[in-house]
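Throughout, read-outs are computed from the coordinates displayed, never taken from laboratory work. All of these numbers come straight from a predicted model, not from anything done at the bench. All Cβ positions, glycine included, derive from the backbone under ideal geometry; neighbour counts span all protein chains shown.
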Amino acid sequence: MKLFDSHCHLDDRSYGEDMDEVIKRMNDADVAALMIVGIDKNRSKKAVALAESHANFYASVGIHPHFAKDCSESAVKSLRRLAESRKVRAWGEIGLDFNRMFSSREDQEKGFVRQLEAADDLRLPLIFHERESSGRFLEILKTHYVKRTGVVHCFSGNQRELEGYLELGLYIGVTGILTMKTRGAGLRKLVPLIPEDRVLIETDAPFLTPAPEKNQTRRNEPAFVRSVLFKLAEVRKEDPEYLSQVTWGNACRLFGVQSS
């Protein structure tokens, strides 16, 4: 079995003391590759450095909507330079988050469009974040998104939103939310509707620790993507070994990684 954690934040400071052990557990769990996702200029730089130090690590660069107030033209230029690394295989995570509003709606929308244009120039796939945007995220995508390729990370929307993303040709990232009894109930109804060639598994580590691991630790890590896979296979009524091959191939295709 080969698993690809398509979205994690291994650059987070919570891994500062035991990175070697985290990587060992990842290898023991058959996680053969991962994508370290940038959230701002400094964290993107750290993500790229980590990816460059490990053969099976890849990175994205981008400014999360929480930090959109810092998404200046000069910041985007810095990310463009970082993206010259051969280990950078995506731009993100970018999008809209109208839940916590750490950046204003105006700054989020301006930063979102600015980064869509940068990723298009560089021909990089996109990693999207959306939370409680009441349709505005899809509206901007339909206006500004060049149908290259991308993934809606940590999907937790409704069926209408899912159908909208699929119509744009996007992949759908499934996290440990799927394993959560109450919070994951809606998601479990929708994941069977995701076409086989569009589904990805991810941890969003160190966040969203899946069951049963969340009963032992608060910090998520790449090894736990295995639990996401097995729950996804159960809900979709598919063989886990087969689904691991499917999700591996999908992630490799999205990020331009050799699948062998």
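What length, rounded to one decimal in nm, is gained on full extension from R105 through to H144, with 0.36 nm per residue of separation minus their alpha-carbon distance?
Separation in residues times 0.36 nm, less the Cα-Cα distance, equals 12.3 nm.
In terms of Cα to Cα distance under 17 Å, which aspartates and glutamates are near enough to K237, apart from those fewer than 8 places away along the same chain?
Output for K237: E196, D197.
Once the piece of chain linking A32 and M1 is laid out straight, how much longer is it, given 0.36 nm per residue of separation minus the C-alpha distance between them?
Details: separation 31, 0.36 × 31 = 11.16 nm, distance 0.89 nm.
Contour length minus Cα-Cα distance gives 10.3 nm.
Please work out the FRET efficiency for the pair N158 and N215, using the Cβ-Cβ distance as r and a Förster radius of 41 Å; give the result to the nearest 0.05. Intermediate values should be presented prior to the final figure.
Values: r = 29 Å, r/R0 = 0.71.
The formula returns an efficiency of 0.90 here.
Given a cut-off of 20 Å, name the pairs among K24/K181; K41/K142; K24/K45; K189/K231 whose C-alpha atoms lie farther apart than that in the structure shown. Intermediate results must be reported in sequence, preceding the final value.
Details: K24/K181 29 Å; K41/K142 27 Å; K24/K45 24 Å; K189/K231 13 Å.
In this structure, K24/K181; K41/K142; K24/K45 exceed 20 Å between Cα atoms.
Taking amide hydrogens as modeled 1.01 Å from N in the peptide plane, which residues meet the under 5 Å criterion relative to V31, leaving out close sequence neighbours?
Result for V31 returns L3.
Using the 10 angstrom Cβ neighbour count as an exposure proxy, how do I194, I39 rank, fewest first? Kindly include the intermediate steps, with their values, before the conclusion.
Details: I194 19, I39 23.
Ranking I194, I39 by Cβ neighbours within 10 Å, fewest first, gives I194, I39.
Let me have the 222 nm mean residue ellipticity of the chain computed from DSSP H runs of 4+ only, each contributing -39500 (n - 2.57), with the sum over all residues rounded to the nearest 500.
On the way: 9 runs with 102 residues, N = 260.
The per-residue figure over the chain is -12000 deg cm²/dmol.
Along the charge dipole of the chain, which of L190, P210, S6 sits closest to the positive end, that is, farthest toward it, with unit charges on the beta carbon of Lys, Arg, Asp and Glu (+1, +1, -1, -1)?
So the residue furthest toward the plus end is L190.
With +1 on each Lys and Arg Cβ and -1 on each Asp and Glu Cβ, and nothing else charged, work out how big the dipole of the chain is about its Cα centre, in Debye to the nearest 20.
Numbers: 39 positive and 38 negative charges, 49 e Å.
The calculated dipole for the chain is roughly 240 debye.
Shape call for region 205-244 from the C-alpha gyration tensor, a ≥ b ≥ c root eigenvalues: rounded (a/c under 1.5), prolate (a/b greater than b/c) or oblate?
On the way: a/c = 3.19, a/b = 2.23, b/c = 1.43.
Prolate, since a/c reaches 1.5 and a/b exceeds b/c.
Volume per residue, Å³, of the convex hull around the alpha-carbon atoms of region 1-94? Present the calculation step by step, with values, prior to reporting the outcome.
On the way: hull volume 8.3 nm³, N = 94.
Each residue corresponds to 88 Å³ of Cα convex hull volume.
Quickly rank 83-90, 225-232 as a protection proxy: mean count of other C-beta atoms within 10 Å, highest first. Spell out each step's value before the answer.
Details: 83-90: 18.2, 225-232: 24.2.
Top of the packing list down: 225-232, 83-90.
Set Lys and Arg Cβ to +1 and Asp and Glu Cβ to -1, take the dipole of region 104-260 about its Cα centre, and tell me which of A223, G256, L116 lies farthest positive.
Among A223, G256, L116, the one farthest towards the positive end of the dipole of region 104-260 is A223.
Can you give me the relative contact order of region 3-255 as a percent, contacts being Cα pairs under 8 Å and 6 or more apart? Can you show the working numbers first?
Working: 501 pairs, mean separation 50.2, N = 253.
20 percent.
Among E21, E93, rank each residue by its count of other Cβ atoms within 10 Å, from fewest to most, as a rough exposure measure.
Details: E21 11, E93 25.
Going from sparsest to densest Cβ surroundings: E21, E93.
Order these by the 10 Å Cβ neighbour count, fewest first: S6, S133.
Working: S6 31, S133 23.
Sorted ascending by nearby Cβ count, the order is S133, S6.
Enter the per residue convex hull volume of region 3-255, computed from alpha-carbon coordinates, in Å³ rounded to the nearest integer. Working shown, then result.
Values: hull volume 28.9 nm³, N = 253.
Given the Cα convex hull of region 3-255, per-residue volume reads 114 Å³.
For region 138-178, what's the radius of gyration and Dmax over Cα atoms, in angstrom?
Here Rg and the maximum Cα pair distance are 10.4, 31 Å.
Taking 8 Å as the Cα distance limit and 6 or more residues as the minimum spacing, I'd like the relative contact order of region 1-96 as a percentage. Mind dumping the intermediate values first?
Details: 163 pairs, mean separation 26.0, N = 96.
Normalised by residue count, the contact order of region 1-96 is 27 percent.
At a Förster distance of 25 Å, what's the computed FRET efficiency of S134 paired with K181, Cβ-Cβ distance as r, to 0.05?
0.40
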